[in-house]
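Novice: Quick one: structure below, then a few questions.
The values are calculated or read from the model by the stated rules, or taken from the named source; none is laboratory data. Not measured: the values here are computed from a predicted model. As a convention, Cβ positions derive from the backbone with ideal geometry for all residues, glycine included, and neighbour counts pool all protein chains shown. What goes into the accessible areas is simple: the full protein's heavy atoms, side chains included, and nothing from ligands, DNA or RNA. Shrake-Rupley method; radii C 1.70, N 1.55, O 1.52, S 1.80 Å.
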Amino acid sequence: MSTPIVDLQGIVTRFGDLLVHDGLELKVERGDIVSLIGGSGSGKTTLLRHLIGLTAPVSGTVMMFGEPLLSGAQHEQRARRRRFGVLFQQGALFSALNVSQNIAFPLRELRVASQAEIDALVLRKLAMVELEPAHALLMPSELSGGMIKRVALARALALEPELLLLDEPTAGLDPDLSLSFVELIRSLHRRLHLTIVLVTHDIDTLMALSTKVAVLADRKIVSCAPVEETIALDHPFVSRFFKAVIDRRRIAPVAGVQD
Amino acid sequence: MSAVPSDRANHRPGIRIDPSGRGVLRLHGDWTLRLLTPQIRAIRQHLRTAPPDARWVLDEVTRLDSFGAVLLWQAWRRAWPADLSLPDDLRALFEEIAASDRQPLPQQGLRTPADHLVLLGRAALHFRDHVLDFVRLFGGIVLDFLHLLRTPQDWPLREISANVFKVGVRAMPVAALVGFLIGVALSYLSALQLRAYGADVFIVNILGLGIIRELGPVLVSVLVAGRSGSAMTAQLGVMRVTEEIDALAAMGVSRSLRLVLPKVIALSIAMPLLVLWTSAMALFGGMVSASLQLGLTYGFFIETLPGVVPLANLYIALSKGFVFGLLIALIACHFGLRVKPNTESLSANTTASVVSAITIVILVDAIFAIATRTIGVPF
């Protein structure tokens, strides 16, 4: 068996007196799409921030690509961080740069590609996220919510990452847009052989994307299994989370009351 | 022969040139950004020296990402090489690159002379917008003020008092320090000159008139514009970015009554007081320096001062303080409300606010100097 892309070992996180994670373990294998679910305040976003390396757990190790994330010299850490891309919830586009400059930014910082190559790569990434070259000169403040997500995704893909971390990829998108965004992520996963970890609240996104669902409850990952197995799980949070969908489906026809 | 040291075990990318000398390039390994980065110079060197009619063999390439594909595409001068052996699973990527290459990335165009004319016109219109907005803001404040005179229960007293504390009381230590040091420096320099003419006692006239009438108000204005003006602009700007101002409007609360007016009134009240405080500190500094340099006693300094500086100068200083405070607050609010929801706009408007405030204060100070040239000058 190959080394897992992400391996969280005995993660403990504490904010003051509040114990968020207590000996949390999670493995993500190459090619998986793992959805992280959990009640609000259960520390999903904190866990994602550990993965990005923005915060460090009190104890435990975050292993990425078989090595501890925060180990080695500065340049080794930086090289490791370039192997994953992050899509922040609000996109986090640099508001002073236009779309093409935003996508080109990580490539420019790397100082490997020439200007002509950067232009070609920006075109390529724009096409990948199904945007037109004409959008390249727009500023982030001129973009709609769906376009911001796409540009941010293109920027996350700029350095050809192996792993993609998505924080609520479909939050704030209407159902139609969120469906097409999910389709886009799925096709990119297939074409670029990506591994994806996402945090989501949205059941439709979760059902459409995940190969595995990791359930964060009681300060631990209580289960990491395919969707069907997760639904069958006997855990109060899980049954409440998925019961909502089942209820919604049952209520739907009744909702259209005639008057 | 191996052109770039190859290492199959960890998929390092490389190029092997066939020994036959007919220009056959065999590529192998992972052509990915991560693995190409460490040896990009050597790879580029080999791609550059490839003859135009070379045969390209990509059958041993284990992985290819868009960077690798673009690198090769550029090396092929953005066209398919005549002689290419390419596995089908890699061909798709090159076809995508070729397809997106057909539509060039739009670039920000260079400026023509006509554009400069347009820019000039735009700048003029922009300036007109500023002036109109400023007049509108000032008009709004005046109307709010009239409204408050009729309905005294609407006075935003809490906000005004909080702002007076913030822009006035909190600025006192730094104003005192700056005033004191300027007083010392001024007195020291003047004393050197005056002693040469034996006119030591005139130090009181110079410091008294210079500091009370001119230096005090201008010094405080510059300080306050940098300290409180920028803070006001940034605060309003951030509230605009986070839609707090829109939220106020949605609740039916007047933004000028709740946000702008308290700042303007507070600074108009606090500025004359700060001018008084800073001028006093500067005179104190001058007095200390004069006693050390020229041996003038404190008692002599204090007794002489009211005689040589007519009281009118103090009134001029206080009214200057009031007008400058009003202007600084209005300018700060004007730029704060113009912030657009992005970081660039916030910094640009904050800078513009401070620079305009200082410029306009100095301009108005010149007008004051001309208008009051016959008032309060003893000789």
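Novice: Expressed as a rounded percentage, what relative contact order does the range B:13-89 have, with Cα pairs under 8 Å and six or more residues apart?
Specialist: Here the relative contact order equals 34 percent.
Novice: Quick check: the distance between the Cα centres of the range B:292-338 and the range B:13-78, to the nearest angstrom?
Specialist: 75
Novice: How much of the DSSP bridge set in the range B:14-101 is antiparallel, in percent, rounded to the nearest 5?
Specialist: So the antiparallel bridges amount to about 30 percent of the total.
Novice: What are the aspartates and glutamates whose alpha-carbon lies under 12 Å from the alpha-carbon of A:Lys149, with same-chain residues fewer than 8 places away excluded?
Specialist: Within the straight-line cut-off, A:Lys149 pairs with A:Glu130, A:Asp167, A:Glu168.
Novice: Is the C-alpha gyration tensor of chain A telling us rounded, prolate or oblate? Criteria: a/c under 1.5 is rounded; beyond that, a/b larger than b/c is prolate, otherwise oblate.
Specialist: Oblate is the answer for chain A, as a/c is 1.5 or above yet b/c matches or exceeds a/b.
Novice: Also, I was wondering about something else. Considering the options B:Met271, A:Ile203, A:Ser180, tell which one lies farthest towards the positive end of the dipole of the protein assembly as shown, charges being +1 on Lys and Arg and -1 on Asp and Glu at the Cβ, about the Cα centre.
Specialist: B:Met271
Novice: Separate question: Among DSSP beta bridges whose residues both lie in the protein assembly as shown, state the antiparallel percentage, nearest 5.
Specialist: Antiparallel: roughly 50 percent of the beta bridges in the protein assembly as shown.
Novice: While we're on this one: Through the Karplus equation 6.51 cos²θ - 1.76 cosθ + 1.60, θ set to phi - 60°, convert the phi angles of the range A:157-168 into ³J(HN,Hα) values in whole Hz; use x for Gly and Pro.
Specialist: Coupling constants for the range A:157-168: 8, 4, 9, 6, x, 8, 10, 10, 10, 10, 9, 6 Hz.
Novice: Along the positive direction of the dipole of the protein assembly as shown (beta-carbon charges: Lys, Arg +1; Asp, Glu -1; about the Cα centre), which of B:Val260, A:Leu165, A:Ser35 reaches farthest?
Specialist: The Cα lying farthest towards the positive end belongs to B:Val260.
Novice: So how do B:65-77, B:258-270 stack up, highest first, on mean other-Cβ count within 10 Å?
Specialist: Answer by packing, highest mean first, reads B:258-270, B:65-77.
Novice: What does the net charge come to around A:Leu69 if you take all other residues with beta carbon closer than 12 Å to its beta carbon, with K and R at +1 and D and E at -1?
Specialist: Net charge in that neighbourhood comes out at +2.
Novice: Using Cα atoms only, what is the angle between the long axis of helix B:172-197 and the major principal axis of chain B, expressed in degrees (0 to 90) to the nearest 10?
Specialist: Relative to chain B, helix B:172-197 is tipped by roughly 70 degrees.
Novice: Can you tell me the relative contact order of chain A? Whole percent, Cα pairs under 8 Å, sequence separation 6 or more.
Specialist: 25
Novice: Based solely on its DSSP helices, what 222 nm [θ] is calculated for chain B when runs of n ≥ 4 H residues each add -39,500 (n - 2.57) and the sum is averaged over all residues, nearest 500 deg cm²/dmol?
Specialist: The per-residue figure over chain B is -21500 deg cm²/dmol.
Novice: State, as an integer percentage, the relative contact order of chain B based on alpha-carbon contacts under 8 Å between residues 6 or more apart.
Specialist: 16
Novice: Let me ask something else. Just tell me, in residue order, which DSSP H segments of chain A are both 24 angstrom or longer along the helix axis (alpha-carbon based) and at least -1.0 in mean Kyte-Doolittle hydropathy.
Specialist: A:175-192, A:236-255
Novice: Against the longest principal axis of chain B, how steep is helix B:298-308, in degrees 0 to 90 to the nearest 10, with axes from Cα atoms?
Specialist: For B:298-308 against chain B, the angle is about 80 degrees.
Novice: So which residue, out of B:Gly14, B:Gly226, B:Gly321, gets the largest mean-square fluctuation from a GNM of chain B using Cα contacts under 10 Å as springs?
Specialist: B:Gly14
Novice: To continue, here is another question. Under a straight-distance cross-link criterion of Cα-Cα below 15 Å, which aspartates and glutamates are reachable from A:Lys243, leaving out those fewer than 8 residues away in the same chain?
Specialist: Once the sequence-local aspartates and glutamates are set aside, what remains near A:Lys243 is A:Asp202, A:Asp204, A:Glu228, A:Glu229, A:Asp234.
Novice: Same structure again: Calculate how steeply helix B:113-150 sits against the longest principal axis of the alpha-carbon atoms of chain B, using the helix alpha-carbon long axis, and give the answer as 0 to 90 degrees to the nearest 10.
Specialist: 40
Novice: So if I restrict to the alpha-carbon atoms in the range A:93-160, what is the Rg, and what is Dmax, the biggest pairwise distance, in Å?
Specialist: Both quantities, over Cα of the range A:93-160: 10.7, 32 Å.
Novice: Can I ask one more? Can you give the average number of partner chain beta-carbon atoms within 10 Å of each beta-carbon in peptide B:92-99, as a whole number?
Specialist: 2
Novice: Using a 1.4 angstrom probe on the protein heavy atoms only, line up B:Arg111, B:Arg16, A:Arg124 by accessible area, largest first.
Specialist: Ranking B:Arg111, B:Arg16, A:Arg124 by accessible area, largest first, yields B:Arg111, B:Arg16, A:Arg124.
Novice: Something else about it: Which net charge results for the neighbourhood of A:Leu126, defined as the other residues with beta-carbon distances under 9 angstrom from its beta-carbon, given Lys and Arg at +1 and Asp and Glu at -1?
Specialist: Residues near A:Leu126 contribute +1 overall.
Novice: Across the Cα atoms of the protein assembly as shown, what radius of gyration and what greatest pairwise Cα-Cα distance (Dmax) are found, in Å?
Specialist: 34.5, 106
Novice: Springs between alpha-carbon pairs under 10 angstrom, Gaussian network model over chain B: which of B:Tyr315, B:Tyr188, B:Tyr197 fluctuates most?
Specialist: B:Tyr197
Novice: Now for a different question. Please identify, among B:Leu186, B:Leu137, B:Leu149, the residue showing maximal mean-square fluctuation in a Gaussian network model of chain B using a 10 angstrom Cα cutoff.
Specialist: B:Leu149
Novice: Counting only other chains, and only Cβ atoms inside 10 Å, what mean value do you get across the residues of B:100-108?
Specialist: 6
Novice: Here is a further query. Work out the mean other chain Cβ neighbour count within 10 Å for the residues of A:110-121 and drop it here as an integer.
Specialist: Mean partner shielding for this stretch: 6.
Novice: Something else about it: For A:Lys27, give me every one of the lysines with a C-alpha distance below 19 angstrom, ignoring sequence neighbours fewer than eight places off in its own chain.
Specialist: Reachable lysines: A:Lys44, A:Lys212, A:Lys220.
Novice: Here is a further query. Can you tell me the alpha carbon radius of gyration of the range B:200-249 divided by the globular rule-of-thumb value 2.2 N^0.38 Å?
Specialist: Compared with the compact-globule rule of thumb, the range B:200-249 sits at 2.01.
Novice: Right, another one. Take the Cα gyration tensor of chain B, multiply each eigenvalue by 5, square-root it, and list the three semi-axes largest first, rounded to whole angstrom.
Specialist: Equivalent ellipsoid of chain B: 71, 30, 19 Å, largest first.
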